[in-house]
1. What's the number of the condition Glu154 fails, among (1) assigned to a loop (DSSP other than H, G, I, E, B); (2) open to solvent by 10 Å² or more (accessible area, probe 1.4 Å)?
2. Could you list, in sequence order, all residues of the range 6-29 that are small (Gly, Ala, Ser) and surrounded by 11 or more Cβ atoms within 10 Å (Cβ to Cβ)?
3. Could you tell me which residue of the range 66-82 is surrounded by the fewest Cβ atoms within 10 Å (Cβ to Cβ), considering only residues that are away from the ligand (no atom under 16 Å from the Cβ) and among the aliphatic types (A, V, I, L, M)?
4. Kindly list, by first and then second residue, each pair from a residue in the range 174-190 that is farther than 10 Å from Val159 by Cβ to a residue that is basic (Lys, Arg) and not in a loop (DSSP other than H, G, I, E, B), limited to pairs with Cβ atoms under 6 Å and residues at least 6 apart or on different chains.
5. Consider Phe61 carefully, then state whether it is at pLDDT 95 or above, under 25 Å from Thr324 (Cα atoms) and open to solvent by less than 20 Å² (accessible area, probe 1.4 Å).
6. (1) open to solvent by 10 Å² or more (accessible area, probe 1.4 Å); (2) touching a residue at least 40 places away in the same chain (Cβ under 8 Å); (3) more than 24 Å from Met3 (Cβ to Cβ): which one isn't true of Arg168, the others all being true?
7. Out of all the residues in the range 122-139, which are open to solvent by 10 Å² or more (accessible area, probe 1.4 Å) and among the aliphatic types (A, V, I, L, M)?
8. What are the residues in the range 300-309 that are more than 16 Å from the chain's Cα centre (by Cα) and not aliphatic (A, V, I, L, M), if any?
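The values are calculated or read from the model by the stated rules, or taken from the named source; none is laboratory data. Only a predicted model underlies this, so the values are computations on that prediction, with no experimental measurement involved. Backbone-built Cβ (ideal geometry, glycine too); neighbour counts: all protein chains shown. When the accessible area is computed, the model is the full protein with side chains, heavy atoms only, and any ligands, DNA or RNA have been set aside. Shrake-Rupley method; radii C 1.70, N 1.55, O 1.52, S 1.80 Å.
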Amino acid sequence: MRMRAVGLDFANRRLGERMVPEPPWPGDGEVLLRVRYVGVCGTDRFLAFWEFGAPPPDSDFLILGHEALCEVVEAGRGVANLAPGDLVVPIVRRPCQPPCASCARGRRDLCLTGRYTERGIVGADGYFTEYALDRAEDLIFVPAELADVAILVEPLSVVEKAVETALRLHDDAPRTALVFGAGTIGILAALAFRERGLEVTVCSLEPEDHPRAGWLREAGFTYEQVPTRRTADIVLEAAGPAAAAFAAVRALAPLGVCGILGAASDAAGDFPFRSLLLGNQRVFGSVNASPDAFRRAVEDLARFDRRLLSRLIRRCRFEDYVETILGPAQPAPKPVHVVAEGR
Ligand code: BGC
């Protein structure tokens with residue numbers, strides 16, 4: 001049997017749809033999944049512009065989709081914690097083999113060799129298709145009542161890791177957070193910092209009358225269009241351009257901690273080493289997320305402002321991928337393709 005899949009044809013440099021073989025019935029420790037929803041993010045756009053990524057070995061086609069909500073069809077032998085009908089979110093990264101010290105201690109997100117694979121990104125097919133096979137240890141259980149927002153678990157896992165790192169690196173009790181970027185990651189970060197008692201401002205390019213600015217204000221956040229004169233104890237860059245990363249570092253209060261999540265291109269510019277040193281400030285980069293960060297994401301999602309969460313999501317049909325991956329940004333930052341609705 002064959003199934004529909006959306007992906008990148010690396011031989012002809014084309015984004016498109018293909019019929020691919022369905023995965024086999026699950027073996028020991030494996031789980032067969034039916035994909036319900038697939039989210040699209042900036043990484044998918046980078047991939048479609050051939051900025052990075054790779055198909056699985058021996059293939060020229062990479063099935064896209066690393067943000068997914070799936071339903072268990074069948075659990076193989078030895079899988080005690082999942083049953084048909086359960087909802088799960090797959091972890092994106094698979095440990096390198098043989099495992100490096102980080103991968104061996106369960107921190108594949110801190111892989112030292114760079115020889116990991118990431119479903120839908122590098123070296124392994126993703127979930128923009130109808131069925132998938134995974135090992136049970138790569139799946140995170142999601143309660144059914146979170147089904148409508150659980151597509152946000154994967155981006156939130158990335159935020160959880162960065163928030164935990166920022167709070168751990170701060171030498172006192174941080175009170176204020178400033179988030180650059182009002183995309184999915186920025187807005188989820190605002191929610192996560194507030195959940196930990198910080199006073200949060202989001203600063204982004206969108207004008208003050210943009211829907212995202214309105215949603216944030218309505219949810220109780222301060223919103224400012226860039227540039228800002230504010231400083232904060234924790235500053236998180238979730239915007240992308242290097243200019244945002246420089247602005248983020250400059251916005252640090254004494255003892256401030258700055259996390260870089262979006263700016264992934266090298267760039268020349270003014271870096272405030274003097275205030276970094278004299279202010280005992282810290283700057284870190286963060287990518288991907290540990291299995292624990294995924295679990296924290298599920299817990300936090302249940303506590304977050306559900307109205308704001310649902311405003312982030314824009315549901316689309318399976319076949320609308322050219323528009324969601326290559327088309328212009330829409331007010332709702334998270335396009336979500338409906339592959340199969342729940343029963
Ligand atoms: C994903 C991460 C991944 C990163 C780089 C992000 O979009 O959320 O899991 O590590 O892209 O490939």
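1. Of everything listed in (1) assigned to a loop (DSSP other than H, G, I, E, B); (2) open to solvent by 10 Å² or more (accessible area, probe 1.4 Å), Glu154 misses just condition (1).
2. Selection gives Gly7, Gly16, Gly27, Gly29.
3. Ala80
4. Qualifying pairs under 6 Å: Ala182/Arg212.
5. Yes; evaluated as a whole, the condition is true for this residue.
6. Every condition holds for Arg168 apart from (2).
7. The answer is Val122, Ala124, Leu133, Ala136, Leu139.
8. Arg303, Phe304, Asp305, Arg306, Arg307
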